[in-house]
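Chemist: Below you'll find the structure I mean.
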Amino acid sequence: MQVAKSLFYFVIAGLCEIGGGYLIWLSLRENRSILLAVVGALLLMIYGIIPTLQPASFGRVYAAYGGIFIVISILWGWQIDKITPDKFDLLGGGIALLGVLVIMYAPRS
């Protein structure tokens, strides 16, 4: 249950970070409402809080989160930007996810 909870926090953090950045991108790069940038900034602030709920040290959490960020970014690009991941995206994402599992959940003495 602890692993599922930790993965849930990683996914929520990833969605907040990528979603927040995306809203700011839309506001600044695509001349959309400044309100999108404000909401994006709030999501980025929430993203900064969520990792504190993880059951590991700062460095370990952020190292593992990098792999989650990679996978969510690939999925975001596929679903939001309609860019289908190729075999190298999937391979790289799988390797990154394997790194997450080793860094965060390998048994330690």
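Where a number appears in this text, it was derived from the coordinates with a stated rule and is not lab data. What you see is a predicted model, and the numbers here were worked out from it, not measured in a lab. Positions of Cβ are generated from backbone atoms using ideal geometry, with glycine treated the same way; all protein chains shown enter the neighbour counts.
Chemist: Looking only at the range 49-74, count how many residues are within 13 Å of L97 (Cα to Cα) and either surrounded by fewer than 15 Cβ atoms within 10 Å (Cβ to Cβ) or basic (K, R) (or both). Steps first, please.
Modeler: Going residue by residue through the range 49-74, those that are within 13 Å of L97 (Cα to Cα) are 63-74.
This time we only want the ones that are either surrounded by fewer than 15 Cβ atoms within 10 Å (Cβ to Cβ) or basic (K, R) (or both), so: 66.
Looking only at that region, the number is 1.
Chemist: May I pose another question? Please go through the range 37-79 and pick out each residue that is over 10 Å from the mean Cα position of the chain (by Cα) and not hydrophobic (A, V, I, L, M, F, W, C).
Modeler: G40, G48, P51, T52, Q54, P55, S57, G59, R60, Y62, G77, Q79
Chemist: Conditions first: (1) over 24 Å from K5 (Cα atoms); (2) surrounded by fewer than 17 Cβ atoms within 10 Å (Cβ to Cβ); (3) under 15 Å from the mean Cα position of the chain (by Cα). L97 passes all but one, so which condition is the exception?
Modeler: (1)
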